[in-house]
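The structure appears below as structure tokens.
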Amino acid sequence: MSGGDMAKPLLGHRNTEGDPSIRPAAGRTIGVLGSGDFARSLAIRLVCSGFKVVVGSRNPKRKAGLFPSAAEVTFQAEAVKKTDVIFVAVFREHYSTLCDLADVLAGKILVDVSNNTEINHHKESNAEYLASLFPACTVVKGFNVVSAWTLQSGARDGNKQVLICSNNQEAKRTVAEIAQVMGFTPVDMGCMSSACEIENIPLRLLPAWKIPIFLALGLFLCFFTYNLVRQVIHPYIREKKNKFYKIPVEVVNTTLPCVAYVMLSLVYLPGVLAACSQLYYGTKYRRFPDWLDQWLQHRKQIGLLSFFCAALHAVYSLCLPMRRSHRYQLIETAVKQAVEKKMNIWVEEEVWRMEIYISVGIIALGLLSLLAITSLPSIANSLNWREFSFIQSTLGFIALLISTLHTLTYGWSRAFDENQYKFYLPPTYTLTLLVPCAVILAKVIFSLPCIHQRLLRIRRGWEKGRYVKFVLPSATGEYSSGETSSNV
């Protein structure tokens, strides 16, 4: 799903968890048509939840051993007669094989759990097609977003939400009741027209991650090419030195922190732009542009990718001394010093720079780890809003500050060394400082009392240019009404 679609389904629809009107359903008989993996997992979960399960199969004797002993496996016609709620766990192309059961299925609730192999493969959804084949039945779409593994392992090991839609409210209520007893959270997605959207959800691969991943790959390619030119191409052209061995480890390790640092700043840049928009227009009710809205929605994924690149950078840095080329360089340096009879090469400034650089980098990685852990739903759900906001906002900004200090410590005085400008190109870390420093500067400006108070008023509902009515007593004692701007 696109970013807009991801924000749309669950927020505006009714969640039936905890609904007192949903009655306990354990003990009732549920039918399952089909004998595949999903039908088997569904039967196991229903039995474990206290339901009586009747499985309808075309070959009950051969399939009986695949289902739990508590479930009754019989012919399809017999199974349909014993229950009013039937899960249709067969593929769309096999729906026509159930047409012989049309008479006994009349008046039953059919729960369609099928999915397609491609997004929008058919003009109508599977549930709508099933409803057209059996007009005398009530069809409910549900359980298709739940995997067979989740059904067997229980809701604690997977997504708890079960999306349900149907044109019949009572049928939706019945299926929601069953889902809740099974340990899932039923979510009412409306009428049957939503079935197509529900069926497309399991087919989309990482819908909220596409833009962040492409952004990370784009930044990686840009910085990698830049570092390749400076570290490999420049010495090859100017000094005739072959340093292509640096590409697999050293060039990659120089690129990863650049991507991680810029991606971290891109997590907080849209918040700065949103605040600027609210200050400019003097209201929080004006809709952000679509590109900014999408950016705000992808901040979590961008932050996790930033942590991923930072973690890879830490691993690559630990592996640097293990390279054969590094050992050769150490031996070469030692021999050169012996020939030149240099007994002491200790440089106090360089020692302190590296000590501070590594220490600050470890702290920055630790804060990024904390941000990544609290982004997990299981951890985030255990925090209240103030705790979550403090970690993601305050500690996140502190992580950006420490990452900036880590970068500046690495650069130290190198930015003023003309030998660092290969092909007149500045060092890579100086380029990475542009966006983060802009974010930090904007945050400092927004923290000024005059701007902070105005932004706080806007976010509490104040609007520029809004007129409010007031009533004043006249000289005769009567009251007269008027208007004034809220700017006054």
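Placing unit charges on the Cβ atoms only, positive for Lys and Arg and negative for Asp and Glu, gives segment 187-258 a dipole magnitude near 820 debye about its Cα centre. Backbone amide hydrogens, once placed in the peptide plane, bring Val73 within less than 5 Å of Val55, excluding anything fewer than 5 places away on its chain. In sequence order, segment 139-150 has phi-based couplings of 9, 10, 8, x, 6, 6, 8, 9, 7, 4, 5, 5 Hz under the Karplus curve 6.51 cos²θ - 1.76 cosθ + 1.60, θ = phi - 60°, and Gly or Pro positions carry x.
Projecting the Cα positions of Ser375, Ala334, Gln294 onto the charge dipole of the chain (unit charges on Cβ atoms of Lys, Arg, Asp and Glu, taken about the Cα centre) puts Ala334 furthest along the positive direction.
The charge dipole of segment 176-297, taken about its Cα centre with unit charges on the Cβ of Lys, Arg, Asp and Glu (plus for the first two, minus for the last two), comes to roughly 1000 debye. Distance between the pseudo-spin-label points of Ile379 and Gln169 (7 Å out from Cα toward the beta carbon): 4.3 nm. The calculated 222 nm mean residue ellipticity attributable to helices in the chain amounts to -15000 deg cm²/dmol, summing -39500 (n - 2.57) over DSSP H runs of n ≥ 4 and dividing by all residues. Protection proxy ranking of 289-300, 244-255, by the mean of other Cβ atoms within 10 Å over each peptide's residues and highest first, is 244-255, 289-300. Maximal additional length on extending the Gln152-Glu124 stretch stands at 7.1 nm, based on 0.36 nm per residue less the C-alpha distance.
Could you provide, to the nearest whole Å², the per residue accessible area of the chain with probe 1.4 Å?
Spelled out: the 1.4 Å probe surface of the chain, per residue, equals 56 Å².
If you place +1 on the Cβ of every Lys and Arg, -1 on the Cβ of every Asp and Glu, and leave all else neutral, what size is the dipole of the chain about its Cα centre, to the nearest 20 Debye? If you can, show how the numbers build up before the last one.
Numbers: 52 positive and 36 negative charges, 168 e Å.
Computed about the Cα centre, the dipole is about 800 debye.
Loop-resident trypsin sites (Lys or Arg not before Pro) (DSSP state other than H, G, I, E or B) in segment 404-465 with no more than 16 further Cβ atoms inside 10 Å of their Cβ: Arg460, Lys464. Comparing Phe224, Leu433, His452 along the charge dipole axis of segment 207-460, the residue lying farthest to the positive side is His452, per the Cβ-charge model.
Relative to the longest principal axis of the Cα atoms of the chain, the long axis of helix 299-319 lies at roughly 50 degrees.
From the alpha carbon centroid of segment 274-325 to that of segment 208-273 is 15 Å.
Of the solvent-accessible surface of the chain, computed with a 1.4 Å probe over protein heavy atoms with every protein chain present, carbon and sulfur atoms account for 61 percent. In terms of Cα to Cα distance under 27 Å, which lysines are near enough to Lys160, apart from those fewer than 8 places away along the same chain? Output for Lys160: Lys8, Lys52, Lys108, Lys141, Lys172, Lys210, Lys300.
Here the simple spin-label model places points 7 Å from the Cα toward Cβ, and for Arg286 and Trp209 these points are separated by 3.7 nm. Quick one, which of (i) 23.6, 88; (ii) 31.7, 107; (iii) 29.4, 100 is the actual Rg and Dmax of the Cα atoms in Å calculated for this model? Entry (ii).
When both bridge partners sit in the chain, DSSP labels roughly 30% of those beta bridges antiparallel.
The values are calculated or read from the model by the stated rules, or taken from the named source; none is laboratory data. Just so it is clear, the model here is predicted, and its values are computed rather than measured. No Cβ is skipped: glycine too gets one built from the backbone with ideal geometry, and neighbour counts run over all protein chains shown. Only protein heavy atoms, including side chains, enter the accessible area calculation; ligands, DNA and RNA are left aside. Shrake-Rupley method; radii C 1.70, N 1.55, O 1.52, S 1.80 Å.
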